[in-house]
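*Asks:* Quick one: this structure, given as structure tokens, is what I'll be asking you about.
The values are calculated or read from the model by the stated rules, or taken from the named source; none is laboratory data. Remember, predicted model here, so these are calculated numbers, not experimental data. Here the Cβ is made from the backbone with ideal geometry for all residues, glycine too, and neighbour counts use every protein chain on show. To get the accessible areas, we keep the full protein, side chains included, count just its heavy atoms, and leave off ligands, DNA and RNA. Shrake-Rupley method; radii C 1.70, N 1.55, O 1.52, S 1.80 Å.
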Amino acid sequence: MSNNIVVGKTWVAFGAAGAVGSIHSTEQGYEVRMLSGGSKGVYPSLDVAKSALHSNLLPGSDWPEFREH
């Protein structure tokens, strides 16, 4: 089985008011970290991690812009 996770990559999520969180690729998956509340879990794919990060924003928040670093 092939593992498509690139360890060490980071994506920063930006909302209307600036940075709101980040996603970090690890050997276990993609870890979501919110600026306001620390780690929110590890997810199996980047798309799932992006959805999880968005779900931790205030209700009605627009989809954040993700920038790879």
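*Asks:* With charges set only on the Cβ (+1 for Lys and Arg, -1 for Asp and Glu), what does the dipole of the chain come to about its Cα centre, in debye to the nearest 20?
*Replies:* 100
*Asks:* Additional query: For the chain, modelled as a Gaussian network with Cα springs under 10 Å, which listed residue fluctuates most, Gly41, Gly18, Gly29?
*Replies:* Gly18
*Asks:* Something else: Within the accessible area of the chain, what % is carbon and sulfur when the probe is 1.4 Å and the other protein chains stay in place?
*Replies:* In the chain, the share of accessible area belonging to carbon and sulfur is 52 percent.
*Asks:* What is the gain in length, in nm to one decimal, between His69 and Ala17 on full extension, counting 0.36 nm per residue of separation less the C-alpha to C-alpha distance?
*Replies:* Full extension from His69 to Ala17 adds 16.8 nm.
*Asks:* Please report, in cubic angstrom per residue, the volume enclosed by the convex hull of the alpha-carbon atoms of the chain. Let's see the in-between values first.
*Replies:* Numbers: hull volume 5.5 nm³, N = 69.
Enclosed volume per residue, from the Cα hull, is 80 Å³.
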